[in-house]
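A.B. asks: My questions will all concern the structure given below.
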Amino acid sequence: MQSYDWGTFYGDIKAGRFQMYSLAWVGVKSPDIFRYAFHSQSLPPSGANRGRLDDERVDRMIEQAMLATDTEQQATIYAGLQARLLERLVYVPL
């Protein structure tokens, strides 16, 4: 484990120079964060897919949820998306 000043640490994260890192999302109130953080088209600098996840199933679920007009249907899709992300171990929830 290594500790750096904030600028170096965050620069390494944005550039993908890491094996594992810890950050917190602040003020997230919308599931739109899934597109920003996990869609294959959201690689930095266009988004925060810093782990470079490229999963067609994840992309499809994100897109389906964004287009869903029924909140129950959207919630079902997001639940499946969360399960898929956990299955792929994209992140480790603490």
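A.B. asks: Tell me what the chain gives for mean residue ellipticity at 222 nm when only DSSP H runs of n ≥ 4 count, each as -39,500 (n - 2.57), the sum divided by the residue total, rounded to 500 deg cm²/dmol.
C.D. replies: Estimated from H runs of four or more residues: -15000 deg cm²/dmol.
A.B. asks: Among all stretches of the chain without exposed trypsin sites (Lys or Arg not before Pro) (DSSP loop, at most 12 other Cβ atoms within 10 Å), which one is longest?
C.D. replies: 53-94
A.B. asks: Further question: So if the hydrodynamic radius of the chain is defined as the Kirkwood radius over C-alpha pairs, what does Stokes-Einstein give as its diffusion coefficient at 4 °C and 1.567 mPa s, in µm² per second?
C.D. replies: Answer, rounded: 90 µm²/s.
A.B. asks: Next question. Show me the chymotrypsin sites (Phe, Trp or Tyr not before Pro) within the stretch 36-94 that DSSP assigns to loop and that have at most 16 other Cβ atoms within 10 Å of their Cβ.
C.D. replies: Those satisfying the criteria are Y91.
Values quoted throughout were computed directly from the atomic coordinates according to the rules given, and no laboratory measurement underlies them. Note that this is a predicted model, so its numbers are computed, not measured. Heads up, the Cβs are rebuilt from the backbone with ideal geometry, glycines too, and the neighbour counts pull from every protein chain shown.
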